[in-house]
Amino acid sequence: MINQGYGMNTIFNRYERKYLINSKQQAELVAFLKAHLTFDSYSSEGQPYTIYNLYYDTNDFSVIRSSINKPIYKEKLRLRCYQKPTQDEDIVYLEIKKKHAGRINKRRLALSYKEARHYINEGSSPVLSTYNASQVFKEIDYFVNIHKARPSVLIKYNRLALHSPNEALRVTFDNMIDFIGDIRSLDDEDSRQFHAVLADTDLSIMEIKSGQNFPLWLVRRLSELDLFSQPFSKYGKAYQHYLSGGAADDHMLYDA
């Protein structure tokens, strides 16, 4: 059985900053961060793990198109799993992620893969045992119904993650970011071809996530490396590729 993702939280409220870096910069940063943070449970011994995200959208991609226009408030829904599920009882997550005035609020619901499939394919509501889980599901179900949303794009990538003991600070490195467009289920992956989100395979996305200001030791190191945050959306970039093919240098247009 696949274990649950990092921590036991179902609600996250924090700031997130993204940085486009190369492999040399990643190696330097990981070596530096190891003195302050520890690898999360999936990155044991500093090895990356694979994340799968199945994004929900409308038939005409109105959710991601709205997000690309950079409104003050935006939201997206995805099914996430840490490793590909192979059994009915494997744990996956339905996540609704909202961004308002630069702050991220993410709520997620842990379900068995069987429960998630039944909801995605048949609209069957899962049996939930807590009030918080029921509230999160109501938000998710409202999103699905108001947008008439369905599974749309699958994105997978390898992640290396470090965090502070209380998870107040989390730093992730994502590379080998690939996508499949017009897909309805994780089960369809084996018969489809993935496409690269980033044309330059030496690049990766570093994300820094914190509920408060970043610690001074981290800010100083980023400054020393001349690294500055910039907008980037894996889904936005995949959408661009799926419709028209993307240029290698247009990542800054998308912060969905």
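Averaging 1/r over every pair of different alpha carbons in segment 11-253 and inverting the result gives a Kirkwood radius of 18.8 Å.
For the pairs Lys24/Lys97; Lys74/Lys138; Lys34/Lys97, flag any whose C-alpha to C-alpha distance is greater than 24 Å. Table pairs above 24 Å Cα-Cα are Lys24/Lys97; Lys34/Lys97.
Here segment 11-253 is treated with +1 on each Lys and Arg Cβ and -1 on each Asp and Glu Cβ, and its dipole about the Cα centre works out to around 900 debye. Springs join every pair of Cα atoms under 10 Å in this Gaussian network model of the chain, and among Gln193, Gln230, Gln240 the largest mean-square fluctuation is at Gln193. Pairs of Cα atoms nearer than 8 Å and 6+ residues apart set the relative contact order; for the chain it is 26 percent. Computed packing ranks the peptides 195-203, 208-216 as 195-203, 208-216, most packed first, by mean other Cβ atoms within 10 Å.
Read the figures in this text as sums done on the coordinates, not as results from a lab. Model, not experiment: these values are computed from the prediction. For neighbour counting, all protein chains shown are included, and Cβ atoms are generated from backbone atoms with ideal geometry for every residue, glycine included.
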